[in-house]
């Protein structure tokens, strides 16, 4: 396994970039260009935009990205383990079980803290426990 | 392993891209451009890993760093408001001298490492023989370095908790604590 | 790799890459047409029927039209990134095509040529890496447009994609465990043969839950209905590509369909035995190829079927499906299946030893 095996990947990269670049370039000559002031405004369903979009986003998006990193690191550790699993045997299982239990601990904490809840005020819909289950409301409706 | 001319040329080109992109990370005035250049730097480093017969490390570099860390950066930049006119005043006092000092320290460290290990680079025979890189890593990680691997779970756990705590302190009245109340109500 | 890495090998690889690229492009254009036709029949419509016989040239006509349309560049865009974004979402999909094993091998002039761009020993990880790069295209498109709807669409999309990438990564681990390799060709070869003489040794028949989870993730990862919140017209206009028009929009569109194809092909390779299937001595290289495309075709059809059948999810439902259902199920499954496998191995060792 050498770097030569990655040569086709590089070739594909070049071909893909050429395809995209050339089609954009060619389109530049084929397509008309008649910019008007209104046409170049950011789209706003016909209303004149009154402010630029430096809006802030809910902190949840940041939390998701953070959790993604954590899970990604753990998952990446599991791949070599999965490859060698046949040889590691029961020992390998115990190793990964310990690792996964710690991960599950973090996961349970995150869940309890409500980081994974995206719907606002679900408690109003169903009440107690099901604050974390959006479809519980549907089921309640169905049952009624 | 002997180093041939094409290898050196390849290394020089990829390093050039990595360094150029790294410079752009620092010099670019737009935070999103910086983040993108950082991704390019990390990508070039992944290519160098491949050239060094470490494809697993390259994949990890791509998945974790380029795929997750930089995406987090992008999110944070957008989270704080995507203002195109960044405020370029430096809020950290003594930032420049500190950066200089750290750079010096890094340079000394790098040279030191090369002096110590550079002559007889640890080239595993197995790699030269074309053994499966991932298998080798798995063998090392789950036998010799088992404790290190298990202990890795602890910082990850701490990081998860820290992320939640930090995000909560940022917005004490809303979102997180609110949904928590919902849960216990 | 069989054969030396000589000039012929480089030439052959270049040829393979060009053929793969062109074939994928044509296939993707066909898929656009087929999807429109399939969805139309499911909704008791006729679908495209004007351009060419049965409207078969419709995609081509649309593509040519888009070349001649004005690519409006709104004033607030960040130009370099705005132009780079469509490429960033298209190219990773094509890079994945380069590692998919489409068939077994052909022997020409005593050289064994594999019907695969290249076989990496980190194969499946390369796929994961590329899908994480794919997130950039959409995030940056949303940001660079300098407009509200694309920004919201872009950030939603990237949160969705990274969430489901986590699930995808978890869903692939049991498959790696069963086959014991990361290489795509290795996975296919590990799935050859049968149990009891008639049940194919597909990974997906053992790892049922991961296979289903992977398929759900695949739909979310490609931002297709019912997970197409990225371009939820009713709330976000066109989502991240609201400000894209002309050829730039066409590239995003192409990327979406290319993504659907590559991800189905990966699912077939990892879970459904890849090109394995009964073959005949007549044209031995052809049958694996047919099997591969037949299986992929079924998956792609399911994609379309789901699109025509299911209403769009709400964002919170989408996120809780990923984080609260799939992830715990997959974690528990991983523990269970590795435990069972360890137990079986141990038992068989005892039998062999005693």
Label points 7 Å out from Cα along the Cβ direction at residue B:146 and residue C:347: separation in nm?
2.5 nm
The residues C:315, A:109, B:147, sorted from fewest to most surrounding Cβ atoms within 10 Å, come out as B:147, A:109, C:315
Three-way shape call for segment A:3-113 based on the alpha-carbon gyration tensor, with the a/c threshold at 1.5
oblate
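Provide A:78, A:24, B:62 in ascending order of the number of other Cβ atoms located within 10 Å of each residue's Cβ, fewest first.
By the 10 Å Cβ count, ascending: A:24, A:78, B:62.
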Give me the inter-chain shielding for B:154-167: mean count of other chain Cβ atoms within 10 Å, whole number please.
6
Show me the ranking of peptides C:251-260, A:4-13 by mean Cβ neighbours inside 10 Å, starting with the highest.
C:251-260, A:4-13
Neighbour-count ranking [beta-carbon atoms within 10 angstrom, fewest first] of B:4, B:34:
B:4, B:34
Cα extents of the protein assembly as shown along the three principal axes, largest first (Å):
77, 69, 67
Directionally averaged projected area (convex hull, Cα atoms, segment C:244-338), nm²:
10.1 nm²
Can you give me the C-alpha center-to-center distance between segment C:172-209 and segment B:44-73, rounded to a whole angstrom?
27 Å
Assuming a ≥ b ≥ c are the square roots of the Cα gyration tensor eigenvalues, decide whether segment C:1-160 counts as rounded (a/c under 1.5), prolate (otherwise, with a/b larger than b/c) or oblate.
oblate
Decide, for segment B:1-83, between rounded, prolate and oblate: order the square roots of the alpha carbon gyration tensor eigenvalues as a ≥ b ≥ c, take rounded if a/c falls under 1.5, and otherwise choose prolate if a/b is larger than b/c, else oblate.
oblate
How far is it, in nm, from the label point at residue A:28 to the one at residue C:5 when both lie 7 Å from their Cα along the line to the Cβ?
3.6 nm
Set the Förster distance to 56 Å, then compute FRET efficiency between residue C:109 and residue B:91 from the Cβ-Cβ distance, nearest 0.05.
0.25
Isotropically averaged projected area of chain C, using the convex hull of Cα atoms (one quarter of hull area), nm²:
21.6 nm²
What is the Cα radius of gyration of segment C:1-80 over 2.2 N^0.38 Å, N being its residue count?
1.69
In nanometres, what is the gap between the two model label sites at residue C:302 and residue C:68, each 7 Å from Cα along Cα-to-Cβ?
4.1 nm
Expected 222 nm ellipticity per residue - DSSP helices of 4 or more, -39500 (n - 2.57), all of the protein assembly as shown, to 500:
-22000 deg cm²/dmol
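All of the numbers you see were taken from the coordinates with simple rules; none came from a lab. Quick caveat: nothing in here was measured; it's all calculated off a predicted structure. Because the Cβ atoms are built from the backbone with ideal geometry, glycine has one as well, and the counts that use them run over all protein chains shown.
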